[in-house]
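To start, the structure under review is shown below, and the notes come after it.
The values are calculated or read from the model by the stated rules, or taken from the named source; none is laboratory data. Here the structure is a predicted model, which is why all the values come from computation and not from measurement. Using ideal geometry, Cβ is built from the backbone for each residue, glycine included, and neighbour counts are taken over all protein chains shown. Ligands, DNA and RNA are stripped out before the accessible areas are found, and what is left, the full protein with its side chains, is counted by its heavy atoms. Shrake-Rupley method; radii C 1.70, N 1.55, O 1.52, S 1.80 Å.
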Amino acid sequence: MPKCTKNKIDFGRFGRRVIEADFSGGELSSDGGLLLLRQVDRHLGLSRAAAAAIPDPRDPERIRHALRDLLAQRLYGLCCGYEDLNDHQALRDDVLMQTAVGRDQALASAPTFSRLENRATRAQAWALHGVLIDQFIASHKTAPEELVLDIDASDVPLHGAQELSQFHAYYDHHCYLPLYVFCGQAMLACVLRRSRIDGSKNAAALIKLLVTRLRQAWPNTRFIVRGDSGFCRRRLLQWCERAGVGYVIGLARNARLHAAVELAEASLADAYAASGTKQRLIGEFDYAAKSWPHERRVITRLEYGDQGTNPRFIVTNLLGEPVQLYEHLYCQRGEAENRIKEAQLDLFGRRASC
């Protein structure tokens, strides 16, 4: 078996210290990834950008821990699996964490982080969203031809007396109802909201802010908004049409929609009875809800099998074949669910104890 532990790994310098990893023994740590996080953060400038985006109201003469160091320590801790503020009572004395943050003495304590997080404001939250968008723009070498913005909401369960805690009948527990916007692998927005609201609340305003900012960087990029039937609201559809933004959004079933596909479903039922195999059809028709000012294009996916009929409907202002729009565009919406799981589970987005 070859020996692969001779080479050292260079992580640069910190003051007069040389930071390197080797395999010769000495003091060991299970958080070696901290140095990789430090390198990535230095390359992206994420913690510095976040610190520059929010004001620091503390007295400069009494500051022991710079705002950038506080944010870096908290971010690195989350990435290494330390989600609780209490964890930093021990982490503050960890030499590897100190090196990653860029200090050679004790780091911030849990009470310091508690004060930092409790003085956060709505304006600071929006400022940090700006950092997310700037990072997303910087990740592209050239302007993309098309971007699909996935919008969705999910629950953050609450188990104590958190501020604005409300019961949500669908999720059957007390929770928050954050609103997410993703573009591919990137999260562009996460707006924390109380739960006793329409799930689409703030959706049109949020999409408007994001598209406006992204168009400043990429004026020729095409934008498409994608979401489930919970976001089929007049305000969002009308804004997209006025702003030249495409949309493909689920449409909740109702009696009028069922009546529009009744003949097609009967034909599928006859074909199923004759062949015994599941039947499927994707088509389109024009439809206008009572609250809509005009008809819009509706694409339907009809199925008939041993459990009967199972229709789905989406509304869109895009051109193209119904099969392409439904199967290759709308059905990819489910990938956003994976991004929500990553945010809530991998990054402890459901951790609302503090």
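Structure above, values below:
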read-out: Sole exception among (1) at pLDDT 95 or above; (2) not in a strand (DSSP E or B) for Tyr272, by number; value: (1)
read-out: Subset of the stretch 286-307 [out of contact with any strand residue (DSSP E or B) (no Cβ under 6 Å at 6 or more places or on another chain) and hydrophobic (A, V, I, L, M, F, W, C)]; value: Ala288, Ala289, Trp292
read-out: Test: residue in the stretch 211-223 that is surrounded by 19 or more Cβ atoms within 10 Å (Cβ to Cβ), on the phi < 0 side of the Ramachandran plot and touching a Ser or Thr at 6+ places or on another chain (Cβ under 9 Å); value: yes
read-out: Total residues in the stretch 79-113, condition open to solvent by 30 Å² or more (accessible area, probe 1.4 Å), outside any loop (DSSP other than H, G, I, E, B) and touching a Leu at 6+ places or on another chain (Cβ under 6 Å); value: 2
read-out: Cβ-Cβ under 6 Å pairs, at least 6 apart or on other chains, the stretch 327-351 side within 15 Å of Leu179 (Cβ to Cβ), far side in a helix (DSSP H, G or I) and among the small types (Gly, Ala, Ser); value: Gly349/Ala343
read-out: Residue check for Gly26: modelled with pLDDT under 90, under 21 Å from the mean Cα position of the chain (by Cα), farther than 20 Å from Ala106 by Cβ and not in a helix (DSSP H, G or I); value: no
read-out: Residue in the stretch 246-253 that is open to solvent by 70 Å² or more (accessible area, probe 1.4 Å) and under 25 Å from Thr300 (Cβ atoms) present; value: yes
read-out: Criterion (within 18 Å of Arg213 (Cβ to Cβ) and touching a strand residue (DSSP E or B) at 6+ places or on another chain (Cβ under 9 Å)) met by exactly one of Leu128, Leu149; value: Leu149
read-out: Only one of Ile314, Ile282, Ile340 that is in contact with a Ser or Thr (Cβ under 6 Å, 6 or more places away or on another chain), surrounded by 17 or more Cβ atoms within 10 Å (Cβ to Cβ) and of a type in the set (A, V, I, L, M); value: Ile340
read-out: Only listed residue being acidic (Asp, Glu), closer than 23 Å to Arg339 by Cβ and touching a residue at least 40 places away in the same chain (Cβ under 8 Å), chosen from Asp104, Asp152; value: Asp152
